[in-house]
Amino acid sequence: MNEGAAPAGIYVHLPYCRSRCGYCSFVVTTDPSSRTAYLQALDTEAALEAEEASGATFDSLYFGGGTPSLIPPADLARLSNRLRALFDFESGSEITMEANPDDVSGDLARLWSEAGINRVSLGVQSFADRELSAVGRRHDAASARRALSALLDAGLSVSGDLILGLPEQTEESFRASARELAASGVGHVSVYLLETEKSKIIEEDRALRPERYLSDDAQADLWLELGEILARAGLHHYEISNWARSGARARHNEKYWRRVPTLGLGVSAHELWSGRRRANVSGLPAYLDALAAGRRPTALDRPIDAAEEARERIVLGLRLTDGVPEAEIEDWISAEGDSRLAADYAGWREAGWLLSSPGRVRFSERGFLVSNEILCRFV
């Protein structure tokens, strides 16, 4: 990394879950028998990565999954301490773990805090029991409320997740969930649209029983209303799916959108480092075998050329509400020589989907609703 560059981040994938949710498309396992070997492999991989990252500073560490809250607190503490010994973390670094509500208790929240965790991303998803049950979530609304209270009482920074488009969800039930989460005291809220195409079970269910699902138009209207609900509660929109109070943005996740270097440890983990994109193997046995032999478990390792970097700056930067420099978009369109893209760009601005402020272009709130269609044009 260059001298004076922004501090980097580290993502650690912990793939263990008690059960797989109906909408899940991540690399996870419900068999805990390999957990000890996996933690040892993470230790080996971290040591290999630390050699390459010598001289770099870090200010975020993110334990994702899977369900990191299933890892025994003593093991999580050892892993956290090991990483902070191997890598140069700044004082006041953000250390996040994902958690399911049914794993949270006051005692565990205290132990996580003692392990160095200072931020928890909680998978609330909904405060309606019928919606949680419909996608196989183990927790209910009452346990989500208890978990939020325990984490906040422990002094942890808390982010809560919701999903829009769950089976059995109604317009009023989603509004109620959004209002309750906004009023709970969390500093950060993430709201995701249910991606039915990523789950064969959900996709087939929606085809057979469409009455269980909100229409696309209803979801679009609710998404716009959501922004108003959260804004009234003091949570400001800063990325397509994310809202935060002042000072509570997800420091680690923002690195991805701003292309700040990040390391990725664990099965299927991705990273951006030294101008290269890398990805680990997505099979757990292959991951363990590679590290048992002292090799990095890399499935992809390629350089990023100038054109790809320019495209990524546009595609990732437009996810943020402060947008990207107007010149970067205009330079890209000019370099591509694509008259149809140039015409589309003018049309998006005329439609109000893209807005201009001095020297920058960003999505409007309605523009975010069609952002996938627009961003895929920058290929």
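Restricting to helices (runs of 4 or more DSSP H) lying wholly in the range 9-116: which have 1 or more residues that are of a type in the set (Phe, Trp, Tyr) and closer than 29 Å to ASP289 by Cβ?
Numbers: elements: 35-52, 73-86, 106-114.
Ranges flagged: 35-52.
Can you confirm whether HIS188 is surrounded by fewer than 19 Cβ atoms within 10 Å (Cβ to Cβ) and not aromatic (Phe, Trp, Tyr)?
no
Give me the residue from the range 156-174 that is part of a helix (DSSP H, G or I) and in contact with a Leu (Cβ under 7 Å, 6 or more places away or on another chain) and, out of that set, surrounded by the fewest Cβ atoms within 10 Å (Cβ to Cβ).
Looking at the filtered set, the residue picked out is GLU171.
Do you know which residues across the range 283-313 are part of a helix (DSSP H, G or I) and closer than 17 Å to PRO261 by Cα?
Residues satisfying the conditions are ALA306, GLU308, GLU309, ALA310, ARG311, GLU312, ARG313.
Just a yes or no: is a residue in the range 42-51 modelled with pLDDT under 95 and either under 30 Å from GLU171 (Cβ atoms) or more than 20 Å from the chain's Cα centre (by Cα) (or both)?
Within the range 42-51, one or more residues are modelled with pLDDT under 95 and either under 30 Å from GLU171 (Cβ atoms) or more than 20 Å from the chain's Cα centre (by Cα) (or both).
Only one residue in SER126, SER177, SER121, SER69 is within 30 Å of ALA53 (Cβ to Cβ), touching a Ser or Thr at 6+ places or on another chain (Cβ under 7 Å), buried (at least 21 other Cβ atoms within 10 Å of the Cβ) and in the same structural domain as TRP243 (by TED's automatic domain parsing), so which one is that?
Step by step, each of SER126, SER177, SER121, SER69 is checked, and only SER121 is within 30 Å of ALA53 (Cβ to Cβ), touching a Ser or Thr at 6+ places or on another chain (Cβ under 7 Å), buried (at least 21 other Cβ atoms within 10 Å of the Cβ) and in the same structural domain as TRP243 (by TED's automatic domain parsing).
Can you name the number of the only condition in (1) modelled with pLDDT of 95 or more; (2) more than 30 Å from ALA141 (Cβ to Cβ) that SER54 fails?
Of (1) modelled with pLDDT of 95 or more; (2) more than 30 Å from ALA141 (Cβ to Cβ), only one is false for SER54: (1).
Each row is one residue, and each column tells you yes or no for (1) exposed (fewer than 15 other Cβ atoms within 10 Å of the Cβ); (2) part of a strand (DSSP E or B); (3) of a type in the set (Gly, Ala, Ser); (4) free of Cβ contacts under 8 Å to residues at least 12 places away in the same chain.
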position	(1), (2), (3), (4)
ASP217	yes, no, no, yes
GLY227	no, no, yes, no
TRP243	no, yes, no, no
ARG249	no, no, no, no
LYS255	no, no, no, no
ARG259	no, no, no, no
GLY264	no, yes, yes, no
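Six or more apart or on different chains, Cβ under 8 Å: which pairs go from a residue in the range 134-148 that's assigned by TED's automatic domain parsing to the domain that holds ALA99 and touching a residue at least 12 places away in the same chain (Cβ under 8 Å) to one that's surrounded by fewer than 16 Cβ atoms within 10 Å (Cβ to Cβ) and part of a loop (DSSP other than H, G, I, E, B)? Could you list them?
Listed pairs, sorted by first residue: GLY136/SER19; GLY136/ARG20; ARG138/ARG18; ARG138/SER19; LEU148/GLY185.
For every residue, the table says whether it meets (1) of a type in the set (S, T, N, Q); (2) more than 26 Å from GLU211 (Cβ to Cβ); (3) touching a strand residue (DSSP E or B) at 6+ places or on another chain (Cβ under 8 Å).
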| site | (1), (2), (3) |
| --- | --- |
| ILE117 | no, yes, yes |
| LEU122 | no, yes, yes |
| LEU132 | no, no, yes |
| ARG145 | no, yes, no |
| LEU151 | no, yes, yes |
| LEU166 | no, no, yes |
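Is it the case, given these coordinates, that LEU111 is over 19 Å from CYS17 (Cβ atoms), in contact with a Phe, Trp or Tyr (Cβ under 8 Å, 6 or more places away or on another chain) and of a type in the set (A, V, I, L, M)?
Values: over 19 Å from CYS17 (Cβ atoms): yes; in contact with a Phe, Trp or Tyr (Cβ under 8 Å, 6 or more places away or on another chain): no; of a type in the set (A, V, I, L, M): yes.
No: the conditions fail for LEU111.
Out of VAL12, VAL28, I need the residue that is within 30 Å of THR196 (Cβ to Cβ), of a type in the set (Val, Ile, Thr), free of Cβ contacts under 8 Å to residues at least 60 places away in the same chain and crowded, with 17+ Cβ neighbours inside 10 Å. Which one?
Just one listed residue meets the conditions, VAL28.
Is there a residue in the range 137-155 that is crowded, with 16+ Cβ neighbours inside 10 Å, under 16 Å from ASN242 (Cα atoms) and within 21 Å of the chain's Cα centre (by Cα)?
Within the range 137-155, not a single residue is crowded, with 16+ Cβ neighbours inside 10 Å, under 16 Å from ASN242 (Cα atoms) and within 21 Å of the chain's Cα centre (by Cα).
Okay, residues lined up against (1) under 30 Å from GLU94 (Cα atoms); (2) in the same structural domain as PHE89 (by TED's automatic domain parsing); (3) at pLDDT 95 or above:
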{"position": "GLU195", "(1), (2), (3)": "yes, yes, no"}
{"position": "GLU203", "(1), (2), (3)": "no, yes, no"}
{"position": "ARG206", "(1), (2), (3)": "no, yes, no"}
{"position": "PRO210", "(1), (2), (3)": "no, yes, no"}
{"position": "ALA218", "(1), (2), (3)": "no, yes, yes"}
{"position": "LEU226", "(1), (2), (3)": "yes, yes, yes"}
{"position": "ARG232", "(1), (2), (3)": "yes, yes, yes"}
{"position": "ASN253", "(1), (2), (3)": "yes, yes, yes"}
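Considering only residues that are of a type in the set (D, E, K, R) and touching a strand residue (DSSP E or B) at 6+ places or on another chain (Cβ under 9 Å), look in the range 332-366 and name the one that is surrounded by the most Cβ atoms within 10 Å (Cβ to Cβ).
Once the filter is applied, the top-ranked residue is ARG362.
The values are calculated or read from the model by the stated rules, or taken from the named source; none is laboratory data. For clarity, every value in this text was computed on a predicted model and none was experimentally measured. Every residue, glycine as well, gets a Cβ built from its backbone with ideal geometry; the counts of neighbours run over all protein chains shown.
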